[in-house]
Amino acid sequence: MSSSLIIAWIYASPLSTAIRDILWVIPTVQSIHIIAITVLFGSALISDLRLAGVFASDEPLRGVVRRYYPWMRNALIVLLCTGLVMIIAEPDRVLVNSTFWLKMALVVTAFSMTWLLRRPLMRPASHAGSDDASRPVKALAWLSIGLWCVVIICGRWIAYTI
Amino acid sequence: MDIQPLLQAVQDTSVATLIRESGSAFPMLESVHVIGIAIVYGTIAVVDLRLLGVTAHRRGALKLIQDLLPYTWVAFVTCVITGLLMFCANGTTYVQNTAFLFKMGLLMLAGINMAVFHLGAFRRIAEWDTQLPPPRQARVAGFSSLLLWAGVVFLGRWIAFL
């Protein structure tokens, strides 16, 4: 009841109408969204593969993780902003779409995992020695690569599902 | 030479028909295409930024390129395969799509840019491997590559809107 009122209100707002009326806005915002996906997923892949121990394993783990985390966080901010523009433009297609809500739940899960896996590594090392990740961390790193893939798939499917 | 009869014949094959008419084949190909794009641009951007002087997880440029290039190639081949399959399904309309044609043009320019780099500055990489900023030729190649591949992503998204 109330959610359909909110959707109708967003849809009729001057901002929503303007985004739909200026034809280049949606494709441009979607293109920026994809560029940000490449930055987030590229950085996630590199640092998760390092966590898993199969990429650049002769480089210190902390260095790799600390190098790429800011790119992931900034890309996420761009993704949330461009995503918001798409929601405002077509709330009637997005906010009632179950694939969209699944994607949002997966984004929260994947980024929480990203943060939990990296948080212990963000401070400078207090002791020298092996900095190889433990087995559960390695497994979670693989899982998070998989989760980001599912997020991308869900994103594409929003356009095809109700 | 008229290419339309050939594209029509390809479009009439059972594989092309299946991709066009099954509800899930096309969005699934698109999803894999986007994951491929994310790895291609995500890894290429890391190398391009290094060519511009932004350091990544390796001190030397050569080691970084050797780390990332295999991922770039596997992802690029994935994009070509999924792209060709999508093209087969609707070839007759794609060749009339301006965004598609410009995308193919930019892809070619990106390839030429990469070839120029590999035959030029890359041959002398031992001289500037850890030098910051890298030589002018490498910086120009990195900058052009970042722009050209971003253009490829933008035009790819625009295909659906023309």
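The numbers here are math on the coordinates, done by the rules we state, and not lab data. This one's a predicted model, so the numbers in the text were calculated from it and none came from an experiment. Cβ coordinates were reconstructed from backbone atoms using ideal geometry, including for glycine residues, and neighbour counts include every protein chain displayed.
For the reader, a short list of remarks on this structure follows.
- Overall Cα dimensions of segment B:71-162, principal axis frame, Å, largest first: 49, 23, 17
- Under a model in which nothing but the beta-carbon of Lys, Arg (+1) and Asp, Glu (-1) is charged, the protein assembly as shown shows a dipole of about 1020 debye around its Cα centre.
- Under 14 Å from the Cα of A:K138 - aspartates and glutamates, other chains or at least 8 residues apart: A:D48
- Each listed q (0.08, 0.13 Å⁻¹) maps to a log10 I(q)/I(0) for the protein assembly as shown, found by the Debye formula over equal Cα scatterers with no solvent: -0.43, -1.07.
- Across segment B:154-162, coupling constants 3J(HN,Hα) worked out from phi with the 6.51/-1.76/1.60 Karplus curve, θ = phi - 60°, read 4, 5, x, 5, 5, 3, 6, 9, 9 Hz, and Gly and Pro carry x.
- For segment A:8-53, the convex hull drawn through the C-alpha positions has a volume of 79 cubic angstrom per residue.
- Positive minus negative residues near A:D48 (Lys, Arg vs Asp, Glu; Cβ under 11 Å): +3
- Here's the picture: charge each Lys and Arg Cβ at +1 and each Asp and Glu Cβ at -1 in the protein assembly as shown, and of B:V10, B:P133, A:I6 the one pushed furthest to the positive end of that dipole is B:P133.
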